[in-house]
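J.: What follows is a structure written as structure tokens; I'll ask about it next.
The values are calculated or read from the model by the stated rules, or taken from the named source; none is laboratory data. It should be emphasised that the depicted structure is a prediction, and the values quoted were computed from it without experimental measurement. Heads up, the Cβs are rebuilt from the backbone with ideal geometry, glycines too, and the neighbour counts pull from every protein chain shown. SASA here: full protein model, heavy atoms, side chains in, ligands and nucleic acids out. Shrake-Rupley method; radii C 1.70, N 1.55, O 1.52, S 1.80 Å.
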Amino acid sequence: LRAAIGRLSRGGITLPVAAPGRDVVARADRPGAPLWKVVDFRDHVTEQARAGIEAALEASGLLDAWVLPAGDIALAGAHDAFLIPAAPVPGASLIDVLVPAVDRDDTQAQALSTSRLEDVLRAVGFGPGSTAWVDPDGRYAFGPVEGAFQKVRAQHIGHGAREENRKLRLQEATHALEGVELSIEENRSAQQALRERM
């Protein structure tokens, strides 16, 4: 808990839980970034819709899918999931609720162009009507697979959400540490009382 508090106090963020098949070692040197790291919500998207959209992206595996720069292709047999631009879906798409937001100080992410990310966002529908879509109520579909997921708030998409989540996790860890320290002190007192009886 002390290590977690130290990391969060220094600005460390909580990463999404990696889906099976993600090669975190290969990602350390690969150009590009997971989707959550290079997009943000458009201003008109409500907090409730943000939570639902992120939940759908997370449950479907898109949230941490890797976006490669233009010209790069995934290696055959690579243990990972890649978001590859495809033909734009008809009607509304993720471009209507998400906007590219690349940290140009991030050496891996800076390889991604705005147009590359826009192409990726246009390939996923926003709401039913295409073969691949997510909905603000947490529903999603990809081909024959449909599902739904819910979360209280967005935690990973957008700097503001990540910072708010960091502060909340820091508060929770601090509270948990206080509880652990109190339990330790109570146990020490109980041990001392037992020694005195012997």
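J.: Note down all Cβ pairs under 9 Å where the first residue falls in the range 139-150 and is over 11 Å from residue 59 (Cβ atoms) and outside any strand (DSSP E or B), the second is among the β-branched types (Val, Ile, Thr) and open to solvent by 60 Å² or more (accessible area, probe 1.4 Å), and they're at least six residues apart or on different chains.
T.: So the pair list comes out as 143/131.
J.: So, in the range 131-168, of the ones that are polar (S, T, N, Q) and surrounded by fewer than 18 Cβ atoms within 10 Å (Cβ to Cβ), which residue ends up nearest to residue 48 (Cα to Cα)?
T.: 150
J.: Going by the structure shown, is residue 31 surrounded by 12 or more Cβ atoms within 10 Å (Cβ to Cβ), out of contact with any Lys or Arg (no Cβ under 8 Å at 6 or more places or on another chain) and within 20 Å of residue 169 (Cβ to Cβ)?
T.: So residue 31 does not fit the description; no.
J.: What number of residues within the range 101-116 satisfy the criterion of being of a type in the set (Lys, Arg) and open to solvent by 50 Å² or more (accessible area, probe 1.4 Å)?
T.: 1
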